[in-house]
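Data block below; observations after.
The values are calculated or read from the model by the stated rules, or taken from the named source; none is laboratory data. Nothing here was measured: the structure is a model prediction, and the numbers come from that model. Here the Cβ positions follow ideal geometry from the backbone for every residue, glycine too, while neighbour counts run over all protein chains shown. Please note that ligands, DNA and RNA were not included when accessible areas were found on the heavy atoms of the full protein model with its side chains. Shrake-Rupley method; radii C 1.70, N 1.55, O 1.52, S 1.80 Å.
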Amino acid sequence: MHSFGYRANALLTFSVTALAFICAIASFSDKFSNQNPSAEIQILNINRLKKQSYGNDEVSLTLDISADLQSLFTWNTKQVFAFVAAEYETSKNSLNQVSLWDVIIPDKEHAKFRIQTSNKYRFIDQGHNLRGREFNLTLHWHVMPKTGKMLADKIIMPGYSLPDAYK
Amino acid sequence: MGWMGETIDSIKSIQIRQLLTQAISLGMIVTSALIIWKALMCVTGSESPVVVVLSGSMEPGFKRGDILFLHMSKDPIRAGEIVVFNVDGRDIPIVHRVIKVHERENTGEVDVLTKGDNNYGDDRLLYAEGQQWLHRHHIMGRAVGFLPYVGWVTIIMTEKPIIKYILIGALGLLVITSKD
């Protein structure tokens, strides 16, 4: 009853249980943080709106993105993954979401930023529905914790539109 | 040296009834582990409710050796979600983030493109020959939570199987030689 094997087993079981409990509490503490992120996106320029050689529309644009995501960081946050997606509807597809740009924010200092960039990923439609198309630009963020449950939310900014003709 | 002598003595003095009792106890332990695993599969709605991260393509968020808890619901797949999917013809599941979604109006079917956060390009190179998009049936679950470092045990046992055999051999020896 008091051999090394029994003692080692009891110690291991207790420490794993205690560790699991601490991880659960750490994750639970994230519920109490007050979060009020803000963001603003402007389209500086529509560089090209063209029809690809094998059919689909593609647009290239330059964005000015400014955001303050500092309030999302708690002591249990490992990183925040933020991305900007263009969301629109066409006659064939009830929803299209195309990610244009993303960033990994490793800590609170980097969470307040302003950047001017062209789209990192190609904005390609399934079809030729982009002329004159109205779309929303949504800033999504995913909070990845050091341990526990992941959390995601977004800010939707409606009212952007593409030119009526190819250019 | 006295421990070795004791072990040899106890192997010599094994009785059939005791051996059978121990075999049944071992069987009970294995089957209850299996019951817990199957129950987890039911609760999360996913074929593999827990996966181990095997590559560095989602760093710094998920490192090699972390484990992810998955959940699959009928909710539509949206951009930004971290999904686990199987490509036809490969049996290792991949954990990446959805970057593009095109959902059909009438049928609700969806075309999905994924990319690892730490990769330069999207996953089209990983998909099957000629495949441009993932569909709902490729996706096994969404990552909803994670624990760091715990998956290293599985990685070590898969990559150096000798350690697996040593562990199982030692466990078997312990079971046989213990008095209860």
Here the residues of segment B:71-99 lying in the modelled label zone of B:V43, meaning backbone nitrogen under 19 Å from a point 7 Å along Cα-to-Cβ, are B:71-74
For the pair A and B, the solvent-accessible area buried on both sides (1.4 Å probe; DNA, RNA and ligands excluded), in Å² to the nearest hundred, is 2500 Å²
For the pair B:A170 and B:E129, how long in nm is the line joining their label points, each one 7 Å along Cα→Cβ?
4.6 nm
Just grab the label-to-label distance for A:A165 and B:L19, each label 7 Å out from Cα along the Cβ direction, in nm (one decimal).
9.2 nm
Per-residue average of Cβ from other chains inside 10 Å of A:92-104
6
How big is the dipole moment of segment B:109-180 about its Cα centre under a simple scheme where the beta carbon of each Lys and Arg is +1, that of each Asp and Glu is -1, and everything else is neutral? Debye, nearest 20, please.
360 debye
In terms of modelled amide H atoms, which long-range or inter-chain residues lie less than 5 Å from the amide H of A:Y160?
A:F135, A:L137
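Which whole number gives the average count of other chain Cβ atoms within 10 Å of the Cβ atoms across peptide A:137-144?
For peptide A:137-144, the averaged partner shielding equals 3.
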Along each principal axis, Cα extent of the protein assembly as shown, largest first, Å
91, 43, 31
Per residue, how many Å² of accessible area does segment A:26-109 show with a 1.4 Å probe?
44 Å²
Positive-end residue of B:A143, B:H96, B:P76, charge dipole of segment B:71-153 with Cβ unit charges
B:A143
GNM result for chain B, Cα springs below 10 Å: residue of B:L34, B:L20, B:L167 fluctuating most strongly
B:L20
Please sort A:105-111, B:24-30, B:59-65 by packing, taking for each peptide the average over its residues of neighbouring beta carbons within 10 angstrom, highest first.
B:59-65, A:105-111, B:24-30
If the only charges are +1 at each Lys and Arg Cβ and -1 at each Asp and Glu Cβ, what is the size of the charge dipole of segment A:35-157 around the Cα centre, to the nearest 20 debye?
260 debye
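What pairs from B:K100/B:K160; A:K112/B:K63; A:K50/A:K120 go past 27 Å between their alpha carbons? Write down the numbers at each step before the final one.
Details: B:K100/B:K160 38 Å; A:K112/B:K63 25 Å; A:K50/A:K120 17 Å.
Violating the 27 Å Cα-Cα cut-off are B:K100/B:K160.
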Please work out the average accessible area per residue across segment B:43-98, using the 1.4 Å probe convention, and give it in Å².
42 Å²
Helical contribution to [θ] at 222 nm, DSSP H n ≥ 4, -39,500 (n - 2.57), averaged over chain B, rounded to 500
-12000 deg cm²/dmol
Segment B:1-126: Rg/Rh from Cα coordinates, Kirkwood Rh?
1.25
Helix B:2-12 versus the longest principal axis of chain B: what angle, 0 to 90°, nearest 10, using Cα atoms?
90 degrees
To the nearest 10 square angstrom, what accessible area does B:D122 show with a 1.4 Å probe?
60 Å²
Take every residue in peptide B:81-92, count the Cβ atoms of other chains within 10 Å of its Cβ, and give the average of those counts.
1
For chain A: span of alpha carbons on each principal axis (Å, largest first):
83, 33, 23
What nm distance separates the two modelled labels at A:I155 and A:A26, each placed 7 Å from Cα along Cα→Cβ?
2.9 nm
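To the nearest 20 debye, what charge dipole does the protein assembly as shown have about its Cα centre, counting +1 at the Cβ of each Lys and Arg and -1 at the Cβ of each Asp and Glu?
460 debye
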Determine which aspartates and glutamates satisfy two conditions relative to A:K78: a Cα distance under 18 Å, and not lying fewer than 8 residues away in the same chain.
A:D30, A:D68, A:D102, A:D107, A:E109, A:D153, B:E59, B:D66, B:E81, B:D117
Which listed residue (A:A39, A:L69, A:L19) has the Cα farthest towards the positive end of the charge dipole for segment A:1-129, taking +1 on Lys and Arg C-beta and -1 on Asp and Glu C-beta about the Cα centre?
A:L19
